[in-house]
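A.B. asks: Take this structure first; my questions come after.
The values are calculated or read from the model by the stated rules, or taken from the named source; none is laboratory data. Just so it is clear, the model here is predicted, and its values are computed rather than measured. Cβ placement follows ideal geometry from the backbone for every residue including glycine, while neighbour counts extend to all protein chains displayed. Note: areas computed on protein heavy atoms with side chains; ligands, DNA, RNA excluded. Shrake-Rupley method; radii C 1.70, N 1.55, O 1.52, S 1.80 Å.
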Amino acid sequence: MKFFLDTANLDELKKGASWGVVDGVTTNPSLIAKEGRDIKDQVRLICDIVDGDISAEVVATEAGEMMREGRELARLHRNVVVKCPLTREGIKATKALSQEGIRVNVTLCFSPAQALIAAKAGAYIISPFVGRLDDVGHIGMDVIRDIATIYKNYGFKTQILAASLRHTLHVIEAARAGAHIGTMPFKVLDQLFNHPLTDKGLDQFLKDWNKVFQEAPVAR
Ligand code: E4P
């Protein structure tokens, strides 16, 4: 499974990228607004940090305008993937942009039926929101599993990006469910490293080593 960072924060992206396991980035209008910089400038800066798919979302709600915005975003960098919402207008724009060779990530997906529509429109990525479904009492991961089955049944090439992942178990379950990509906040990626037995084990290894090679007098 590819790991994407779900943030537009440059410090988080630099730190995550330095670990060598970040394959791409997802942003949305809320995440871009949080950083306070114009979307085009922010996306360019992100593209300089992470070499992989960088999703940038349109804010228009009408297909023609989404296409205009989408083309502008796609022109920023070869790695930009244009995000369109899963509305009728968004799907219309997805179909048209995909036909022009622009890769589209269809976002705000909450059901397998919606994912089927996005794949039929030629989406490069579909983004089902796991955490937000959990929030309203629906098991978000079931949607990932259903989409994986449906896409496999018909050989759709659209990649499943498990979005709105909130914790380690979400990431593991998304991988088990067959998501191609998991996008997560920096905090979640950081938490994936943690295990108390790793810390305990390393501590013991170093103590044993130091007892012999650092603390013992040098043999003559
Ligand atoms: C990413 O593409 C989504 O916009 C993001 O994962 C949504 O996450 P949230 O539900 O935590 O805002």
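A.B. asks: Straight-line reach from Lys200: which lysines fall under 19 Å, measuring Cα to Cα and dropping same-chain residues less than 8 apart?
C.D. replies: List returned: Lys211.
A.B. asks: Pull up the cross-link candidates among the aspartates and glutamates for Lys157, meaning alpha carbon to alpha carbon under 18 Å and not fewer than 8 places away within one chain.
C.D. replies: Asp53, Glu100, Asp146
A.B. asks: Angle, helix 168-177 long axis vs. longest principal axis of the chain, Cα atoms, 0 to 90°, nearest 10?
C.D. replies: So the inclination is approximately 60 degrees.
A.B. asks: While we're on this one: For the stretch 161-210, take every pair of Cα atoms, bin their distances at 5 Å starting from 0, and report each bin as a whole percent.
C.D. replies: 4, 20, 21, 15, 11, 10, 9, 7, 3, 0
A.B. asks: Cβ under 14 Å from Val59's Cβ, Val59 left aside: what net charge do those residues give with Lys, Arg +1 and Asp, Glu -1? Walk me through the intermediate numbers first.
C.D. replies: Details: positive: Lys40, Arg68, Lys83; negative: Asp38, Glu57, Glu62, Glu65, Glu69, Glu72, Glu89.
Neighbour charge sum, excluding Val59 itself: -4.
A.B. asks: If I ignore ligands, DNA and RNA and count only protein heavy atoms, how much of Ile181 is accessible to a 1.4 Å probe, in Å² to the nearest 10?
C.D. replies: Counting only protein heavy atoms, the figure is 0 Å².
A.B. asks: Greater than 25 Å separation of Cα atoms is the criterion. Which listed pairs, Lys34/Lys95; Lys40/Lys152; Lys40/Lys95; Lys83/Lys152; Lys2/Lys92; Lys2/Lys187, meet it?
C.D. replies: Working: Lys34/Lys95 30 Å; Lys40/Lys152 36 Å; Lys40/Lys95 23 Å; Lys83/Lys152 23 Å; Lys2/Lys92 28 Å; Lys2/Lys187 17 Å.
Too far apart for the 25 Å limit: Lys34/Lys95; Lys40/Lys152; Lys2/Lys92.
A.B. asks: Next up: Starting from the amide H of Asp53, placed 1.01 Å from N in the peptide plane, find each other amide H under 5 Å away whose residue is 5 or more places distant or on another chain.
C.D. replies: Those lying under 5 Å, H to H, from Asp53 are Val25.
A.B. asks: With label points built 7 Å along Cα→Cβ from the Cα atoms of Lys211 and Arg78, find their separation and express it in nm.
C.D. replies: About 5.5 nm, to one decimal.
A.B. asks: Calculate the translational D of the stretch 114-173 in whole µm² s⁻¹ from Stokes-Einstein, where the hydrodynamic radius comes from the Kirkwood formula applied to all Cα pairs, the temperature is 4 °C and the viscosity 1.567 mPa s.
C.D. replies: 110
A.B. asks: For every helix of n ≥ 4 consecutive DSSP H residues, a contribution of -39,500 (n - 2.57) applies; sum these over the chain, divide by its total residues, and give [θ] at 222 nm rounded to the nearest 500 deg cm²/dmol. Could the numbers behind the result be given before it?
C.D. replies: On the way: 11 runs with 115 residues, N = 220.
That comes out to -15500 deg cm²/dmol.
A.B. asks: If you average 1/r over every pair of different alpha-carbon atoms in the stretch 48-121 and take one over that average, what Kirkwood value in Å do you get? Can you show the working numbers first?
C.D. replies: Working: mean 1/r = 0.0824 Å⁻¹.
Over the stretch 48-121, the inverse of the mean reciprocal pair distance is 12.1 Å.
A.B. asks: Here is a further query. Can you work out the base-10 log of I(q)/I(0) for the chain at q = 0.15 1/Å, using the Debye formula on its C-alpha atoms alone?
C.D. replies: Taken in order of the listed q values, log10 I(q)/I(0) reads -0.93.
A.B. asks: Using a 7 Å offset from Cα along Cα-Cβ at Ile150, what residues in the stretch 101-123 end up with backbone N under 12 Å from the label point?
C.D. replies: 109-121
A.B. asks: Another question about this same structure. If you place +1 on the Cβ of every Lys and Arg and -1 on the Cβ of every Asp and Glu, how big does the dipole about the Cα centre of the stretch 2-195 come out, in debye to the nearest 20?
C.D. replies: Numbers: 24 positive and 23 negative charges, 95 e Å.
Magnitude of the dipole: close to 460 debye.
A.B. asks: On full extension of the chain, what length is gained from Trp19 through Lys40, given 0.36 nm per residue of separation minus the C-alpha to C-alpha distance? Could you put the intermediate results ahead of the total?
C.D. replies: Values: separation 21, 0.36 × 21 = 7.56 nm, distance 2.58 nm.
Gain on extension, Trp19 to Lys40, equals 5.0 nm.
A.B. asks: For Asp190, project a label point 7 Å along Cα to C-beta. Then give me every residue of the stretch 1-17 with its amide nitrogen under 18 Å of that point.
C.D. replies: Flagged as within label range: 4-17.
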